[in-house]
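Asks: Supplied in structure tokens, the structure appears directly below.
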Amino acid sequence: MPRRLFVALWPDAKVRRELAMLQARSEMRAASGRTVPAKNIHMTLRFLGDVDASQQRALEARLAEFVFEPVTLTLDRVGYWPRSGILWLGLRKTPRSFNIAAQRLSTELRALGFRADGRGFKAHVTLARDAGPAKHFVFNPVTWHARDLVLAASERLPQGARYTVLVRSGTAKIDCIR
Ligand code: ATP
Ligand code: MG
């Protein structure tokens, strides 16, 4: 059975907690919709869709070898996509190194036969779906020292999506190099 896979950055407990606190704010709750459960919060880098078992093994092997340099992301911007009803947090400024890493990932995936959909990458963390815009939402930026790039599987169940982390990418051991 093929599995529905995506590559994402997985937040640590601190970031997860801070994002959950933002979700709990009244301006956010007023936007209603389906709040993403804290355990599900992530930033998708690439959605791969249905992948068969042999492709999955190849992806796991590549991702395990992929060195993701930790990057600091400042989530300082709230946004809303009316067509999909997605309420998200994003970055005013995306670090250059992060764009380069996303590009490198794309090259690796292309080598495995996964082509980008051409819509471009908009770094964001979805906080709620089927939501309205969050009006007058002022908040302290969330600083995320992102280091866990993962391959995840999604099962869409009646009670909502369930994600499983299949493999984490290698992380550059910057501390050891210095
Ligand atoms: P549900 O679809 O049941 O509401 P979900 O969107 O969390 O839940 P998936 O649809 O499996 O679960 O998506 C997994 C991740 O991939 C999410 O971050 C989602 O936004 C992203 N994603 C899903 N489909 C696409 C797509 N066509 N293009 C880009 N990203 C996608
Ligand atoms: Mg979806």
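Asks: Kindly indicate the residue of the stretch 124-133 that is open to solvent by 60 Å² or more (accessible area, probe 1.4 Å) and within 16 Å of ligand 1 (Cβ to nearest atom) and also farthest from the chain's Cα centre (by Cα) among those meeting that condition.
Replies: ASP130
Asks: Separate question: Going residue by residue through the stretch 97-110, is there one that turns out to be touching a Leu at 6+ places or on another chain (Cβ under 6 Å), surrounded by 12 or more Cβ atoms within 10 Å (Cβ to Cβ) and among the aromatic types (Phe, Trp, Tyr)?
Replies: no
Asks: Tally up the residues in the stretch 132-160 that are within 15 Å of TYR80 (Cα to Cα) and within 14 Å of ligand 2 (Cβ to nearest atom), please.
Replies: Going residue by residue through the stretch 132-160, those that are within 15 Å of TYR80 (Cα to Cα) are 132-138.
Still in the list and also within 14 Å of ligand 2 (Cβ to nearest atom): none.
Selection size over the stretch 132-160: 0.
Asks: Would you point out which residue out of PHE114, PHE121 is assigned to a loop (DSSP other than H, G, I, E, B) and open to solvent by 50 Å² or more (accessible area, probe 1.4 Å)?
Replies: Numbers: PHE114 fails: open to solvent by 50 Å² or more (accessible area, probe 1.4 Å).
Every option except PHE121 fails the conditions.
Asks: Hey, can you tell me all the residues within the stretch 11-58 that are closer than 24 Å to GLN159 by Cβ, open to solvent by 30 Å² or more (accessible area, probe 1.4 Å) and outside any helix (DSSP H, G or I)?
Replies: Of everything in the stretch 11-58, those that are closer than 24 Å to GLN159 by Cβ, open to solvent by 30 Å² or more (accessible area, probe 1.4 Å) and outside any helix (DSSP H, G or I) turn out to be ALA24, SER32, GLY33, ARG34, THR35, PRO37, THR44, PHE47, ASP50.
Asks: Still on this structure, I have one more. On the given criteria, is THR94 crowded, with 16+ Cβ neighbours inside 10 Å, among the polar types (S, T, N, Q) and assigned to a loop (DSSP other than H, G, I, E, B)? Lay out the reasoning, then the answer.
Replies: Details: crowded, with 16+ Cβ neighbours inside 10 Å: yes; among the polar types (S, T, N, Q): yes; assigned to a loop (DSSP other than H, G, I, E, B): yes.
Here the answer is yes, as THR94 does meet what is asked.
Asks: Among the residues of the stretch 158-172, which ones are near ligand 1 (Cβ under 8 Å from one of its atoms) and open to solvent by 30 Å² or more (accessible area, probe 1.4 Å)?
Replies: Scanning the stretch 158-172 gives ALA161, TYR163.
Asks: Does PHE68 meet the test of being closer than 24 Å to ASN99 by Cα and open to solvent by 50 Å² or more (accessible area, probe 1.4 Å)?
Replies: So PHE68 does not fit the description; no.
Asks: Given the criterion without any contact (Cβ under 8 Å) to a residue 40 or more places away in the chain and not β-branched (Val, Ile, Thr), identify the matching residue among ARG96, ARG129.
Replies: One residue alone meets the criteria, ARG96.
Asks: State whether one or more residues within the stretch 49-72 are closer than 22 Å to ALA161 by Cα, of a type in the set (Val, Ile, Thr) and touching a helix residue (DSSP H, G or I) at 6+ places or on another chain (Cβ under 9 Å).
Replies: Yes, the stretch 49-72 contains a residue that is closer than 22 Å to ALA161 by Cα, of a type in the set (Val, Ile, Thr) and touching a helix residue (DSSP H, G or I) at 6+ places or on another chain (Cβ under 9 Å).
The values are calculated or read from the model by the stated rules, or taken from the named source; none is laboratory data. Given the structure is predicted, the values throughout are model-derived calculations rather than measurements. Cβ atoms come from the backbone with ideal geometry, glycine included; neighbour counts cover every protein chain shown. The accessibility values were calculated without ligands, DNA or RNA, using every heavy atom of the protein model including side chains. Shrake-Rupley method; radii C 1.70, N 1.55, O 1.52, S 1.80 Å.
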